Amino acid sequence: MSGETQIRIIHGAGVSPGRAAGPTVRMATAAGEPARRRATVGPEEATDAILAAATAVADDLTERAGHTEGTAREVLQTTAQIAKDPTLVKDAQRRVREEQITPERAVWEAAGAVASQFESLGGYFAERARDVADVRDRIIARLLGAPSPGVPQREEPYILLALDLAPADTAQLDPEVVRGLVTEEGGPTSHTAILARALGIPAVVGVGSGIEEVAAREVVLVDGGAGEVLLDPTAEQVEAARERVRTRSFDPPGRTQDGYRVALLANVGEVADAEPAAAAGAEGIGLFRTEFAFLGRDAEPSVEEQVEAYSAVFAAFAGRHVVIRTLDAGADKPMPFLTAADEVNPALGVRGIRTCWQNPDVLDHQLTAIARAAADHDGPVWVMAPMIARVAEAEDFVAACAAHGLETAGVMVEVPSAALLAGPILARAAFASVGTNDLTQYTLAADRLLGSLAPLSTPWDPAVLQLLQRTCDGGAAQSRPVGVCGEAAADPALAAVLVGMGVSSLSMTPRALGDVGALLAATTLAQCRTAASLALAADSAEDARRAARGALPALAELAL
Ligand code: PEP
Ligand code: MG
């Protein structure tokens, strides 16, 4: 995906719009395995150095945990605990004394022993083996005087360059400091991309070897809308990017220029997201990703804990509509208590609603918690299941919800079979919400996390669009509403196409509400329908996009 033109631009996949300029800082990668060499210092000095490095790493992680919340905080606290655990330090110190090897080699070997003990225990402990490796790399970096792996901690704003970001790294991104993001790998619907969009950090992913040229520059300009990194921006371009703030706000309710109602809703991933989403004017929540309350846990949270977490989100949307999704464990969201670590193809494995086949209690507990939280909510609560693939699954889910008094039960359409069977599925389920991230992944057979497949990972692909139309037709035949909650809903032009197909609600990262709302307000339903039919008739994603955009004159007026 990398290339260079005369005006010195590196191309990748633009996954989070906006322009940002600044100095580049490359994320340090781990130093790797140190050679087995004799120590050049005495055992006393070496054992002290190991203890000092481990303590500094633990202190650093604890301090950082103090500045974060939610999942990020838990990840950092767990890692700090491992750095504090004397087992690792004592074993490394014993190795320098008995074998006279370098402190960094001793830490490497001691961590290897700890990690394999964890691995042999399986489940939760096997998960911790990864954290041991993280701690090991941090201690070794300290011992070698090298930069610590992970997101660099700086005061001054910068553009972060990385191979890709691990969940623990993305959890630490501070948009005030990390102004732009460029990754060598990573696909457009990866969770890195979703998080960058949610934080409003302009991002270009999958630039491949082009990252080297970006890293060689002092200052670059990231254009997350165009998917470009300008290598030698002019002073004016840098200044303009610094001043540009995306401030288009959303004035609810969502409607087209001629008054056709389209509910504009927010995707919410954790409790902390709910207040800002409500403040951004979202008419409700179209996708509450409940798995974020379960991630990083070694056991299922109790019903009480779940009630508390869901109620906190519902409270931010008092008087408004909430669509809550049951647990989507597996694949990119592994949960040790529910999903096997050794599946060959996790994206095609036991994920989403399938996890309840072996663990029906988890769904039962979750529906109990949702029903309790919903009872106190001032507004409608709809429940939907991820990864529904067959009519019978929809029927079973609706029955399970009804047994908990949850009357409005729907399905996510993320698998092509569900789109093709939307008619019979919606004869049973009350509504459908299309998850275009997974629907694209499964339609094109392209892993959504893989940067090298980014050209395939676009919901503009006519095959995806035809499945979306088929879903809308199934909904219309059964008089059931069809919404979209995948990232497609956040692209203003595609949002108009979806409305033209018959989609009645669009759920997105709250930052996108302003642009999507503005485009719809300046576009008629007839224009949306024309854009949809042109896109559906195209032979490629590029042609679909071009044709649809050509039929939406408001895009140019609004500079979208
Ligand atoms: C989707 O697949 O489009 C979706 C909304 O679900 P997630 O991104 O959480 O898999
Ligand atoms: Mg999905």
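The values are calculated or read from the model by the stated rules, or taken from the named source; none is laboratory data. Quick caveat, the model's predicted, so the values are computed rather than measured. No Cβ is skipped: glycine too gets one built from the backbone with ideal geometry, and neighbour counts run over all protein chains shown. Surface accessibility is based on the protein's heavy atoms, side chains included, excluding ligands, DNA and RNA. Shrake-Rupley method; radii C 1.70, N 1.55, O 1.52, S 1.80 Å.
Dipole orientation for the chain: of the candidates 165, 280, 507, 507 has the Cα lying most toward the positive pole (charges on Cβ; Lys, Arg +1; Asp, Glu -1). Averaged over residues, the count of other Cβ atoms within 10 Å places the peptides 371-380, 137-146 in the sequence 137-146, 371-380, highest first. Building the convex hull from the alpha-carbon atoms of the range 398-457 and averaging its projection over directions returns 4.6 nm². Once C-alpha pairs closer than 8 Å and six or more residues apart are averaged by separation and normalised to the residue number of the chain, the relative contact order reads 14 percent. Ligands, DNA and RNA aside, residue 390 has an accessible area near 130 Å² when probed at 1.4 Å.
With a Förster radius of 30 Å applied to the beta-carbon distance between residue 176 and residue 55, the computed FRET efficiency rounds to 0.55.
At full extension, residue 87 and residue 559 could sit 164.1 nm farther apart than now, given 0.36 nm per residue minus the alpha carbon distance.
Give me the one-decimal nm value for the distance between modelled label points at residue 344 and residue 146, 7 Å along each residue's Cα-to-Cβ direction. A separation of 3.6 nm, rounded to one decimal place.
The mean sequence separation of alpha-carbon pairs under 8 Å and at least six residues apart, normalised by the residue count of the range 43-144, gives a relative contact order of 32 percent. The modelled label-to-label distance for the pair residue 473/residue 125, using points 7 Å beyond Cα in the direction of Cβ, is 5.6 nm.
The residue among 547, 454, 301 whose Cα reaches farthest toward the positive pole of the charge dipole of the chain, with charges on the beta-carbon of Lys, Arg, Asp and Glu, is 547. Within the range 348-382, find all residues whose amide N lies under 14 Å from a label point positioned 7 Å from the Cα of residue 395 along Cα-to-beta-carbon. Answer for the range 348-382: none. Of the solvent-accessible surface of the chain, computed with a 1.4 Å probe and all protein chains present, 51% belongs to carbon and sulfur.
Approximating the spin labels as points 7 Å out from Cα along Cα→Cβ, the residue 361-to-residue 312 distance works out to 2.6 nm.
For the range 169-239, which GluC sites (Glu not before Pro) are both in a DSSP coil and crowded by at most 15 other Cβ atoms within 10 Å? Before the final figure, lay out the partial values.
Numbers: sites: 176, 184, 185, 212, 213, 218, 228, 236, 239; in loops: 176, 184, 185, 218.
Filter output for the range 169-239: 176, 218.
With 10 Å bins beginning at zero, the pair-distance distribution over Cα atoms of the range 43-144 amounts to 17, 47, 29, 6, 0 %.
What's the ranking of 194-206, 407-419 by average number of surrounding C-beta atoms within 10 Å, highest first? Don't skip to the answer; put the middle values down first.
Details: 194-206: 25.6, 407-419: 23.8.
With the highest mean Cβ count within 10 Å placed first, the list reads 194-206, 407-419.
With each run of n ≥ 4 DSSP H residues scored as -39500 (n - 2.57), what mean residue ellipticity at 222 nm is computed for the chain after dividing by its residue count and rounding to the nearest 500 deg cm²/dmol?
Working: 23 runs with 259 residues, N = 560.
The per-residue figure over the chain is -14000 deg cm²/dmol.
Please state, rounded to one decimal and in Å, the Kirkwood hydrodynamic radius that the range 81-121 gives when every pair of distinct Cα atoms enters the mean of 1/r. Could the numbers behind the result be given before it?
Working: mean 1/r = 0.0974 Å⁻¹.
The answer is 10.3 Å.
Residue ranking by accessible heavy-atom surface, 1.4 Å probe, largest first, among 148, 457, 249 comes out as 249, 148, 457. Taking the square roots of 5 times each eigenvalue of the Cα gyration tensor of the chain, largest first, gives ellipsoid semi-axes of 42, 30, 20 Å.
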